[in-house]
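No lab work stands behind these numbers, since they all come straight from the coordinates. Predicted, not measured: the structure shown is a model, and the values here were computed from it. Cβ placement follows ideal geometry from the backbone for every residue including glycine, while neighbour counts extend to all protein chains displayed.
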Amino acid sequence: MKYLVTGGAGFIGSNFIRHVLGKYKDASVINLDKLTYAGNKDNLKDVENDSRYTFIEGDICSSELVEPVAKGCDVIVNFAAESHVDRSISGPGSFIMTDVFGTYVLLEAARKNDCGFVQVSTDEVYGSISEGSFFETSVLSPSSPYSASKAGGELIAKSYSETYGMPVLITRSSNNFGPFQHPEKLIPLFITNAIENKALPLYGDGLQVRDWIYVIDNCEAILAVMEKGRTGEIYNIGAGNEFTNLEVTGMILSELKKPKSLIKLVKDRPGHDKRYSVDTSKVRELGWKPSHDFRRALKETVAWYRNNRAWWEKIKSGEFLEYYRSHYYEKHGLKEASQ
Ligand code: NAD
Ligand code: DAU
């Protein structure tokens, strides 16, 4: 099987590539990634000399680049996206470009080259739900430019299945966590800030609820959908680990033996969804279920960031620093230095 993975230098994509190469000896993978601030070749250092792995730096919005690369591939798995909600609020343009237009370019490449297509979408397309869980048939009501751009991308993907009969599959996963996640996201930001004795900026009252899934469980679910899913269908993916942000923060601090005084309640994210929750019966019917216990996986994730300090210090001290300063410190009136 020859996979064209886009966005494979990011968090989930890099975990997916490592997982696929480890699991299937006959797999080969092309990783097409633009290496934005979120893309990091260090994430796949351990496989870069594997003869089954090829890295191509490039933009999914370029049809001249994408179409020849897709030739001969069995499937395109599209992870490439602008993925951070906060950045979509301060600058939506790149989200519309990559998450919507880029998806269209990839779909055209798949259509011309007879490739299967997996669109990695998100549970955020449904918007917030106060009780119960969303089904794949629920109405889409995205709240942020990020989630709206993801909804746009997946709707175009679905239309290619309906119109051209293309083998398209769509996954809508909940919040992932694990190794190699960019330290702009809640769990790695709070782990690394706590290690450095810096403030943990919790938005609003910290009572927003997310359903956390360990990244390898999501990778396994995507493979289950690719191998056993019905063409043209959408699959929710989640592990049923619903916690408030305050609870998750407490677990991180307790694992690191750091004081609760590091928590700083700051101004809320505009349009902040209160709770995400997806019903996962459909993907479970394919025989998939999460195999990582949340508390244990969180413990291991904390250990990974402790043991891989050079990995995240490089990111936090590079071009990310300016963004990090204005968003997490100046914006919230926090001191940058250790508390
Ligand atoms: P990420 O931000 O860590 O990685 C995104 C990758 O895409 C980066 O390597 C970046 O360089 C690349 N990229 C961005 N624009 C590109 C372009 N125009 N052309 C080529 N490459 C480009 O994101 P992630 O957290 O790994 O998420 C991966 C996918 O999964 C995204 O589509 C996201 O919407 C979706 N998703 C993420 C989560 C989550 O919790 N992280 C949950 C559900 C769905
Ligand atoms: O639900 C799936 C989505 O999960 C993915 O589609 C997105 O790509 C991914 O980024 C993630 O979106 P969230 O907005 O839920 O993730 P984030 O880590 O940014 O925030 C998680 C929660 O923590 C959210 O309620 C906002 C809050 N938060 C986040 C940050 C970065 C804080 O309270 N403080 C922070 O500094």
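Structure above, values below:
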| item | result |
| --- | --- |
| Extension gain from residue 35 to residue 97, taking 0.36 nm per residue of separation minus the Cα-Cα distance | 20.8 nm |
| Theoretical gain in end-to-end length, residue 293 to residue 314 [0.36 nm per residue, Cα-Cα removed] | 4.6 nm |
| Amide proton proximity set for residue 176, modelled H, under 5 Å, gap of 5+ | 213 |
| The range 155-177 residues near the modelled residue 108 label - backbone nitrogen below 17 Å, point 7 Å along Cα→Cβ | 156-161, 164 |
| Amide H contacts under 5 Å for residue 198, placed H, 5+ residues apart | 339 |
| 4 °C / 1.567 mPa s Stokes-Einstein diffusion coefficient of the range 7-77, Kirkwood radius on C-alpha pairs, µm²/s | 104 |
| Quotient of C-alpha Rg and 2.2 N^0.38 Å, computed over the range 200-339 | 1.25 |
| Peptide ranges 42-53, 199-210 listed from the most packed, as the mean C-beta count within 10 angstrom indicates | 199-210, 42-53 |
| Size of charge dipole - the range 190-237 - debye, nearest 20, with Cβ of Lys, Arg +1 and Asp, Glu -1, no other charges | 60 |
| q = 0.07, 0.09 Å⁻¹, the chain: log10 I(q)/I(0) [Debye, one scatterer per Cα] | -0.27, -0.45 |
| Net charge, residue 128 excluded, C-beta distance under 10 Å - Lys, Arg +1, Asp, Glu -1 | 0 |
| Virtual spin-label span in nm between residue 46 and residue 27, 7 Å along Cα→Cβ | 1.4 |
| Full-stretch length increase - residue 268, residue 63 - with 0.36 nm per residue and alpha-carbon distance subtracted | 69.9 nm |
| Residues 26, 86 arranged by fewest to most Cβ contacts within 10 Å | 26, 86 |
| Residue-count net charge about residue 28 - beta-carbon cut-off 15 Å; Lys, Arg +1, Asp, Glu -1 | +2 |
| By average C-beta atoms within 10 angstrom, highest first, the peptides 181-190, 106-115 | 181-190, 106-115 |
